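Shown next, in C-alpha cells, is the structure this report addresses.
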Amino acid sequence: MSVHDRKNLKSALESAILYLQKQGVEEARQDAWLLLEHVCGISHSTYFVHSEDEMPKEQQEQYEALVRKRGEHIPLQQLTGEAWFYGIPFFVNEHVLIPRQDTEILVEEALRGLPKDARILDLCTGSGCILISLLVTREDCTGIGADLSEKALQVAEKNGAQAGGRASFVKSNLFENIEGTFDVIASNPPYIRTDVIETLMPEVRDHEPRMALDGSADGLVFYRKITEQAGSYLKEGGKLCFEIGYDQGDEVRELMETHGFADVQVLKDLAGLDRVVTGIWHKK
Ligand code: GLN
C-alpha cells in the first residue's frame with residue numbers, strides 16, 4: 001500500500017481488505033469498511049455513488065495509516081475513538097476496556113426492579129459505560145463510577161456528560177473513597193485468570209489495559225473483595241450485580257451466598273453462557 005499509488009474509494013477499500021486479511025485480522029472486510037466510513041464520513045449509499053471517484057490525497061493517507069495500525073492488531077474502536085454500547089456512543093482509548101455487547105445484560109439486570117430515584121454505584125467503571133447507560137435509561141437516578149485508574153476516569157468523565165450531570169466519578173480502590181448507601185452496586189471487574197491472558201487475541205492481550213483484565217491467579221479476587229464489603233454500602237433490599245466469566249457462575253454464586261446475599265441468580269448471555277450474577281441484600 002502506498003499513497004504514490006492513487007486510489008478511488010473502491011480500490012482503497014479492496015486493498016485494505018486484502019491487507020487486513022493477510023495480517024490475520026478477523027473481521028477484515030467489516031473493519032476496512034468502518035475505517036473508510038470513519039475517514040471519509042461516507043455512508044453505504046454515498047459510497048456506491050462515489051466508489052469510482054479518486055480519493056483526496058489526505059484521506060487516502062489517513063486511511064492507509066489507520067489500516068496499517070489495524071493490521072498491527074490495534075482494536076478498531078481505539079482507532080476510531082468510539083464504541084457503541086446499549087445504543088449509546090462512548091469515547092474510548094487505550095486506557096479503558098472497550099465496552100462489550102455481553103455487558104449489556106448486566107445493564108438489563110441492574111434495571112430490573114430499580115426503584116425510583118435510585119442511587120447507583122459502578123465499581124471498576126472504566127469508560128463509564130455501565131453507569132452511564134443506566135442513567136441515560138433512567139433519568140430519575142443518580143450514580144457514582146469508581147476506578148483506580150486516573151486515565152480511565154478522564155474517559156469516564158468525558159462520557160458522563162451524556163448523563164446530564166447525574167453521574168460523578170471518583171478515584172477509588174473499590175469502596176475505599178465511597179460514602180453512603182446504594183440501591184444497586186454494579187460491577188464488571190477484571191476477571192480473567194492471569195495465566196489465560198497470554199492466550200487472548202492480540203487486540204485484547206497487547207492493546208487493552210492489563211489492569212482491566214487481570215483478575216489474579218484464580219480470576220476471583222475482585223468478586224471476593226467486593227462481595228465482602230458490599231453489604232455495608234447497600235440499602236435494605238439493594239442489589240449487587242456482577243458480570244462474570246462463563247466458568248465463574250458457581251464460584252461467584254457461592255461467594256455471594258456465603259456473604260449473606262439472598263435470591264442469588266446466575267444469568268446467561270445470548271450465547272447461552274453464564275454471564276451475570278445478582279443477589280439481594282437484607283440488613284442483618
Ligand atoms: N465497567 C467497564 C466495562 O464494563 C470496564 C470494566 C473493566 O475495566 N474491567 O466495560
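Scan the stretch 110-129 residue by residue and report those that are more than 7 Å from the ligand (Cβ to nearest atom), crowded, with 22+ Cβ neighbours inside 10 Å and not β-branched (Val, Ile, Thr).
Result: 110, 118, 121, 123, 128.
Somewhere in the stretch 139-146, is a residue within 15 Å of the ligand (Cβ to nearest atom) and hydroxyl-bearing (Ser, Thr, Tyr)? No, the conditions are met nowhere in the stretch 139-146. With the condition kept exactly as written, say whether any residue in the stretch 98-106 is more than 8 Å from the ligand (Cβ to nearest atom) and closer than 20 Å to residue 230 by Cα. No, every residue in the stretch 98-106 fails to be more than 8 Å from the ligand (Cβ to nearest atom) and closer than 20 Å to residue 230 by Cα.
Out of the helices (runs of 4 or more DSSP H) lying entirely within the stretch 167-261, which hold 3 or more residues that are touching a helix residue (DSSP H, G or I) at 6+ places or on another chain (Cβ under 7 Å)?
On the way: elements: 194-197, 202-207, 221-230, 249-258.
Output list reads 221-230, 249-258.
Residue 200: within 16 Å of the ligand (Cβ to nearest atom) and under 15 Å from residue 96 (Cα atoms), yes or no? For residue 200, the condition - within 16 Å of the ligand (Cβ to nearest atom) and under 15 Å from residue 96 (Cα atoms) - is not met. Of the residues making up the stretch 16-28, none is more than 22 Å from the chain's Cα centre (by Cα) and assigned by TED's automatic domain parsing to the domain that holds residue 237. May I ask you to verify whether residue 132 is at negative phi, assigned to a loop (DSSP other than H, G, I, E, B) and either more than 10 Å from the ligand (Cβ to nearest atom) or aliphatic (A, V, I, L, M) (or both)? Judged against the criteria, residue 132 is not a match. Taken over the stretch 87-97, residues that are assigned to a strand (DSSP E or B), within 13 Å of the ligand (Cβ to nearest atom) and surrounded by fewer than 17 Cβ atoms within 10 Å (Cβ to Cβ) amount to 1. Given the condition surrounded by 18 or more Cβ atoms within 10 Å (Cβ to Cβ), touching a residue at least 24 places away in the same chain (Cβ under 8 Å), in contact with an Asp or Glu (Cβ under 8 Å, 6 or more places away or on another chain) and over 19 Å from residue 203 (Cα atoms), answer yes or no: does some residue in the stretch 72-86 qualify? Scanning the stretch 72-86, I find at least one residue that is surrounded by 18 or more Cβ atoms within 10 Å (Cβ to Cβ), touching a residue at least 24 places away in the same chain (Cβ under 8 Å), in contact with an Asp or Glu (Cβ under 8 Å, 6 or more places away or on another chain) and over 19 Å from residue 203 (Cα atoms), so the answer is yes.
The values are calculated or read from the model by the stated rules, or taken from the named source; none is laboratory data. Only a predicted model underlies this, so the values are computations on that prediction, with no experimental measurement involved. We place every Cβ from the backbone using ideal geometry, glycine too, and count neighbours over all the protein chains shown.
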